[in-house]
Amino acid sequence: VSDQKPLGCWSVKHGQIITCPVVCNFETHEYIAVHDDKVLRIWKNKDINLDKVFKATLSADVYRIHSLPNGGPVVLFKGGGVRTLDVLLEAPQQEIENIISDEVIKWSEAFMEGQQPVLIFTTEKDGNFFVYVQKLKMNSLHKYKLEQQELSKPLIFTAYMKNQIITLLCLYSNDSVYKVLIPLQQNTEEEEQILSKSLLLNLSVSGSVLKGTSFVVLDKDHVAVLGSLAASGEESKECLTIWNTKFQTLQISKELPLGTSGQLWCYEEKFFLTHGKVLTVIMYKCETSSLAAAVGKLKDSQTPDVSSFVNWNTLEDEELVVSFQSQQSVALKSESGMTLRSKRNTAAKVQPDTLSVGQLLLNLKDASTTAFEDELRQLMSKAQMPDFQATIGCVITALINRCKTNPKYYPRNFLLQIVQTRDLSYSLCPDLMAVALEKKDVHLLQVCLQRFPDIPEEITCACLKVFLSMSDAYLQRIDVNLESVICYIDIEFNNKEVKTEIVENGFNAEPEQDIWDTKITNETHRPADGEFCPVGPQKAALLNAVLHSAYSETFLLAHLKNLPAQQAVLFLRYLYYLYVKCSEKINTTLPGIHSPTVNQIMDWMCLLLDAHFTVMVMLPEAKELLSNLHKFVRAQVRFYSELNKIEGSLRELQRLNHQKDSQTYSIEVLELI
């Protein structure tokens with residue numbers, strides 16, 4: 001989530017439907033899915049095609065699979081039957097009992113009581129709601145009936161277990177949350193007991209009513225509710241809220257203007273919800289509940305902790321004040337999914353006599369360039385800062401903001417120094433590479449590609465397009481790291497004088513007359529493809545940085561298709577050249593530091609051909625290249641095929657050599673037939 005990098009993607013066939021949420025088996029690290037109600041699929045990360053993974057057709061429809069960290073997956077069927085996955089896989093077609101007859105399951109959850117899995121689920125029939133609690137190892141099932149509420153009915157359920165008591169929370173249609181206690185130790189054998197409920201919370205504040213769509217329990221005194229907050233005569237607004245159930249107060253709320261799917265998940269003090277078209281991660285912290293905190297009257301002296309509220313993607317002048325003295329016991333910190341990793345510790349303690357990072361940067365807003373950079377360097381030099389990574393991100397954001405307001409300002413050396421010496425990521429400073437692309441700062445882009453593990457595919461392809469568009473003559477005058485190419489490309493330096501315009505901070509603006517190639521094909525006319533490098537060493541080093549960047553094929557392919565045809569041909573010529581170079585070595589490894597591997601070369605070559613094959617077939621200048629590439633690959637396939645034929649003989653020879661005394665000198669002739 002923090003890197004916005006898909007780790008895997010699997011699809012069912014057209015016409016098939018995944019009918020319950022996919023879960024992970026924590027013990028075997030496998031994924032479990034059910035499609036078309038009865039077909040069970042189990043696979044691992046390395047599996048690609050769902051058609052080829054384990055498949056089992058069950059005898060009854062599955063409602064939900066629950067995965068417990070120490071208890072294994074538990075399967076709940078629509079008829080109320082329950083099986084552990086291990087028992088189910090022993091005989092997938094085993095008969096599953098129908099417990100609930102005409103009732104319909106509305107919600108379910110699983111817990112661990114010691115070493116025993118416990119499953120709870122609610123059902124509905126003719127307006128009556130029932131609760132079932134089943135202990136799997138003891139094979140005991142208890143059925144309860146929820147006490148009816150006039151003119152309202154339960155819409156959403158959630159539950160937690162503590163001290164062998166399940167606390168079931170029900171959000172009713174009258175916008176109230178009720179609490180139901182269910183003891184696990186039952187001595188009576190009554191078939192159906194009536195569960196009484198007590199009012200826990202009214203979701204209304206200052207005349208506004210929250211229409212909840214999902215809610216989760218945070219601790220014994222706090223719940224989070226996702227829904228629409230509507231006041232009389234006003235348009236409803238979707239928001240995420242945290243409520244204090246002990247004192248019946250709204251602790252904090254966050255408006256979600258882009259809308260949500262109505263679903264809310266909570267895991268390890270982080271909320272997960274869809275906001276617009278993205279998955280949003282919101283960190284939270286619940287402190288000890290007190291009446292003073294609940295009503296917002298907690299004195300500053302009682303809360304020395306300061307919560308930092310920063311949205312790194314939209315950091316503007318007024319948002320630079322990141323230190324915010326909280327008057328509530330619940331701190332809600334919002335951040336997009338792509339900025340989570342680098343701000344794990346954003347709640348920092350700040351002494352009253354020191355300025356916060358945000359306040360310091362705000363004070364430097366109108367400072368001179370020299371004073372501005374000196375203060376930022378001093379800020380970075382504080383080794384004992386409790387929030388060092390977040391501070392570095394704040395510093396880069398401040399530099400980028402000044403670049404945007406002052407087009408002539410571009411602290412190239414300062415930014416390069418930060419990226420080279422700090423452990424950063426794209427998610428910590430997402431605007432950095434965008435500005436570097438705008439300034440055509442290829443050296444900074446090269447370093448970012450080499451050091452950032454989470455660059456989006458769109459940015460990677462934008463860098464590739466810029467690198468391919470720049471002429472070799474211009475790149476000879478640019479400072480580029482040549483470590484990845486210096487060992488296999490002959491470097492000839494062209495010592496021409498370059499007249500450049502001097503702008504603020506010593507950044508050289510590129511001369512417009514020769515940055516871009518008017519015709520890329522002019523620089524690619526070589527005697528034979530693969531024999532000579534079609535690009536200069538500087539461009540080759542930049543392209544190598546692109547080859548090293550992480551990517552997801554699905555997302556990269558879409559952006560590669562936007563690459564101009566001439567650039568795609570040039571890039572394919574270079575990849576072919578690298579492929580030939582790798583094949584010259586016995587270990588198929590290029591010399592040098594950060595040189596591309598043969599797997600990286602082949603993967604990019606295949607992706608490029610997939611994205612532009614139709615265009616390349618039609619281009620006359622690509623015809624010979626594709627023909628040579630085809631002949632070279634075919635020759636390699638034949639060569640390895642011949643090696644496979646003598647593989648058995650070579651293994652036998654190796655075995656014979658191990659059996660002989662290594663100290664005995666002998667000459668032996670072996671004939672391979």
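Using a 1.4 angstrom probe with every protein chain in place, what is the largest-first accessible-area order of ARG64, ARG573, ARG651? It would help to have the intermediate numbers written out before the result.
Working: ARG64 75, ARG573 30, ARG651 150 Å².
Sorted by accessible area, descending: ARG651, ARG64, ARG573.
Amide H to amide H distances under 5 Å link LEU200 with VAL177, TYR178, LYS179, where only residues 5 or more positions off or on other chains count and H is placed in the peptide plane. Here the peptides 15-23, 207-215 are ranked by packing, the mean other Cβ count within 10 Å, and the order with the highest first is 207-215, 15-23. In the range 61-102, taking the dipole from charged Cβ atoms about the Cα centre, the farthest positive-side position among LEU88, ASN70, ASN98 is held by ASN70. Computed from label points 7 Å out along Cα-Cβ, the spacing between SER232 and ASN202 is 1.4 nm.
Placing HIS548, HIS275 in order of accessible area, with the largest value first and a 1.4 Å probe, yields HIS548, HIS275.
Computed from backbone phi with θ = phi - 60° and the Karplus coefficients 6.51, -1.76 and 1.60, the 3J(HN,Hα) list for the range 90-98 is 5, 8, x, 8, 4, 6, 10, 5, 9 Hz; x is used for glycine and proline. Put a plus charge on the Cβ of each Lys and Arg, a minus charge on the Cβ of each Asp and Glu, and nothing anywhere else: the dipole of the range 83-154 about its Cα centre is then about 160 debye.
Quick check on my link table: of LYS539/LYS581; LYS145/LYS254; LYS46/LYS581; LYS135/LYS220, which ones sit more than 27 Å apart, alpha carbon to alpha carbon? Before the final figure, lay out the partial values.
On the way: LYS539/LYS581 17 Å; LYS145/LYS254 36 Å; LYS46/LYS581 30 Å; LYS135/LYS220 24 Å.
Table pairs above 27 Å Cα-Cα are LYS145/LYS254; LYS46/LYS581.
Quick one: divide the alpha-carbon radius of gyration of the range 209-290 by 2.2 N^0.38 Å and tell me what you get.
Details: Rg = 12.6 Å, N = 82, 2.2 N^0.38 = 11.7 Å.
This ratio for the range 209-290 stands at 1.07.
For the range 1-93, calculate the relative contact order in percent as a whole number, restricting contacts to Cα pairs under 8 Å that are 6 or more residues apart.
Values: 163 pairs, mean separation 20.0, N = 93.
Worked out over the range 1-93, it gives 21 percent.
Measure up LYS439/LYS465; LYS125/LYS197; LYS143/LYS246 against 23 Å on the Cα-Cα distance and list the ones that go over. Present the calculation step by step, with values, prior to reporting the outcome.
Values: LYS439/LYS465 14 Å; LYS125/LYS197 19 Å; LYS143/LYS246 29 Å.
LYS143/LYS246, as the Cα separations exceed 23 Å there.
Under 5 Å between amide hydrogens, built in the peptide plane, is the criterion, and for LEU195 it picks out LYS145, LEU146, GLU147 among residues at least 5 positions away or on other chains. Note on LYS125/TRP10: beta-carbon distance plugged into 1/(1 + (r/R0)^6) with R0 of 45 Å gives a FRET efficiency of 0.80. Less than 5 angstrom separates the built amide H of ALA159 from those of LEU169, all sequence-distant by 5 or more or on a different chain. Once the Cα-Cα distance is subtracted from the 0.36 nm per residue extended length, the SER469 to ALA635 segment shows a gain of 56.5 nm.
The values are calculated or read from the model by the stated rules, or taken from the named source; none is laboratory data. Here the structure is a predicted model, which means the values were calculated and not measured. Cβ coordinates were reconstructed from backbone atoms using ideal geometry, including for glycine residues, and neighbour counts include every protein chain displayed. Areas reflect the complete protein model, heavy atoms only, side chains present, ligands, DNA and RNA absent. Shrake-Rupley method; radii C 1.70, N 1.55, O 1.52, S 1.80 Å.
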